[in-house]
């Protein structure tokens, strides 16, 4: 559906969101001006045309999804990310753009059970080559793995924001499941990166 629905007025700024929808034929013109001054009074636009406060739960949820996407971009900027992880995360970045549109358009559905099942299959594939965990691990191991752990925690925050929104309005159940599985996938991907780059996993040393 992303080919038939495009949106403008900024997925660029700190509010990170999908305001004002345009047809894909106009896509080439949508970023000719980066600042609009339309948010200077503390309001921002949804793709539905509504104007809401910048602290509206829909903006909080979509903005945190944008942060998750940026955190994944940091992972992908690291050297030595395994090809299978890189391909998976790059696709997920595109899916997160689609997912964010759901917060701006109440009737729009971008994420389905198929997306969730694909994440689960990829998660299982990454996990199959990893040694079983006997203790909690400390985030780290190597730069790529540490970045992936950070992306995982941002994704968890996006999931919490989406559930907070779901407490006030209808949210696609598959979207909520997607964010949950994505954070799990990022955990396993971090372990996979550390393993393939020779980074040691530091175990939690708790008092017995």
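Numbers for the structure displayed
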quantity: Residues of the stretch 123-136 that turn out to be surrounded by 13 or more Cβ atoms within 10 Å (Cβ to Cβ) and closer than 22 Å to residue 79 by Cβ, as a count; calculated: 2
quantity: Complete set of residues in the stretch 94-109 that are modelled with pLDDT of 95 or more and either buried (at least 16 other Cβ atoms within 10 Å of the Cβ) or at positive phi (or both); calculated: 95, 96, 99
quantity: Top-ranked residue in the stretch 95-128 [being free of Cβ contacts under 8 Å to residues at least 12 places away in the same chain and not in a helix (DSSP H, G or I); ranked as farthest from residue 63 (Cα to Cα)]; calculated: 128
quantity: Every residue from the stretch 166-183 that is in a helix (DSSP H, G or I) and either surrounded by fewer than 17 Cβ atoms within 10 Å (Cβ to Cβ) or free of Cβ contacts under 8 Å to residues at least 24 places away in the same chain (or both); calculated: 166, 173, 176, 180
quantity: Test: residue in the stretch 196-204 that is touching a helix residue (DSSP H, G or I) at 6+ places or on another chain (Cβ under 8 Å), surrounded by fewer than 16 Cβ atoms within 10 Å (Cβ to Cβ) and at positive phi; calculated: no
quantity: Subset of the stretch 78-94 [part of a helix (DSSP H, G or I) and touching a residue at least 12 places away in the same chain (Cβ under 8 Å)]; calculated: 84, 85, 88, 89, 90, 92, 93, 94
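Residues are listed down the side, and each one gets a yes or a no for (1) surrounded by 21 or more Cβ atoms within 10 Å (Cβ to Cβ); (2) at pLDDT 70 or above; (3) out of contact with any strand residue (DSSP E or B) (no Cβ under 9 Å at 6 or more places or on another chain):
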position	(1), (2), (3)
21	no, no, no
30	no, no, no
34	no, yes, yes
46	yes, yes, no
54	no, yes, no
73	no, yes, yes
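The values are calculated or read from the model by the stated rules, or taken from the named source; none is laboratory data. In this text the structure is predicted, and so the values were computed from the model without any measurement. Glycine gets a Cβ as well: all are built from the backbone with ideal geometry, and neighbour counts include every protein chain shown.
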